[in-house]
Amino acid sequence: MLGRSRDEAVQALLTAGVPAAPALRADEALESDWLWENRTLERWAHPRLGDVLGVRAYADFSRTPAGFQRPTPDLGEHSSSLLADLGFAPDRIAALLASGAIFEPTHVGSVLAKSARTGNDNAALSVQ
């Protein structure tokens, strides 16, 4: 195999009956028909960043479909809710916000990711 290109080596292995597949570079993976057809990749709409490309979970189950249910959080987006979940009182959280010890982006709201890929009904919920 020495001296052969990656594609030549993979083809030689396949011709010899050896299961093989190329290791893809990032740019190749994002353009791979096989990965798109097998729903490994998904384009979805982030409420602030616009269209984002991501890798879905590697398995789909009938009662727990994979895909982007919510956009990735921005820095500080869940500060108040996390502290509330940990038992911090609302007045303490307000004081931490006022002092600048914690912060939340101004756009924080109840937004769900929206799949930008057609025919991907299991992937995500609509933006509300």
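The values are calculated or read from the model by the stated rules, or taken from the named source; none is laboratory data. Because the structure is predicted, anything quoted here is derived from the model rather than measured. Methodologically, a virtual Cβ is constructed for each residue, glycine included, from the backbone with ideal geometry; neighbour enumeration extends over all protein chains shown.
With the requirement that a residue be under 30 Å from ALA45 (Cα atoms) and either surrounded by fewer than 16 Cβ atoms within 10 Å (Cβ to Cβ) or modelled with pLDDT of 95 or more (or both), what does the stretch 75-96 give you? Spell out how you get there, then give the answer.
Residues of the stretch 75-96 that are under 30 Å from ALA45 (Cα atoms), as a first pass: 75-85.
Within the stretch 75-96, LEU75, GLY76, HIS78, SER81, LEU82, LEU83, ALA84, ASP85 meet the criteria.
Can you pull out every residue in the stretch 46-67 that is surrounded by 14 or more Cβ atoms within 10 Å (Cβ to Cβ) and in contact (Cβ under 8 Å) with a residue 60 or more places away in the chain?
HIS46, PRO47, ARG56
Considering only the stretch 55-87, state which residues are touching a Leu at 6+ places or on another chain (Cβ under 8 Å) and part of a loop (DSSP other than H, G, I, E, B).
First, the residues of the stretch 55-87 that are touching a Leu at 6+ places or on another chain (Cβ under 8 Å): 55-56, 69-71, 79-80, 83.
Across the stretch 55-87, the qualifying residues are ARG56, GLN69, ARG70, PRO71.
Okay, residues lined up against (1) touching a Phe, Trp or Tyr at 6+ places or on another chain (Cβ under 8 Å); (2) small (Gly, Ala, Ser); (3) surrounded by 14 or more Cβ atoms within 10 Å (Cβ to Cβ):
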| residue | (1), (2), (3) |
| --- | --- |
| MET1 | no, no, no |
| ARG4 | no, no, no |
| GLN11 | no, no, yes |
| GLY17 | no, yes, no |
| ALA20 | no, yes, no |
| ALA29 | no, yes, yes |
| ASP33 | no, no, no |
| LEU41 | no, no, yes |
| TRP44 | yes, no, yes |
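Looking for whichever is under 29 Å from PRO105 (Cβ atoms) and modelled with pLDDT of 85 or more here; the options are ARG4, ARG48, ARG25, ARG43. Which one fits?
Working: ARG4 fails: under 29 Å from PRO105 (Cβ atoms); ARG48 fails: modelled with pLDDT of 85 or more; ARG25 fails: under 29 Å from PRO105 (Cβ atoms).
Of ARG4, ARG48, ARG25, ARG43, the one residue that is under 29 Å from PRO105 (Cβ atoms) and modelled with pLDDT of 85 or more is ARG43.
What number of residues within the stretch 20-57 are more than 12 Å from the chain's Cα centre (by Cα) and either among the aliphatic types (A, V, I, L, M) or closer than 30 Å to ALA9 by Cα (or both)?
Just the residues of the stretch 20-57 that are more than 12 Å from the chain's Cα centre (by Cα), to begin with: 20-39, 47-50.
The next check asks that each one be either among the aliphatic types (A, V, I, L, M) or closer than 30 Å to ALA9 by Cα (or both); those that pass are 20-39, 49.
Qualifying residue count, the stretch 20-57: 21.
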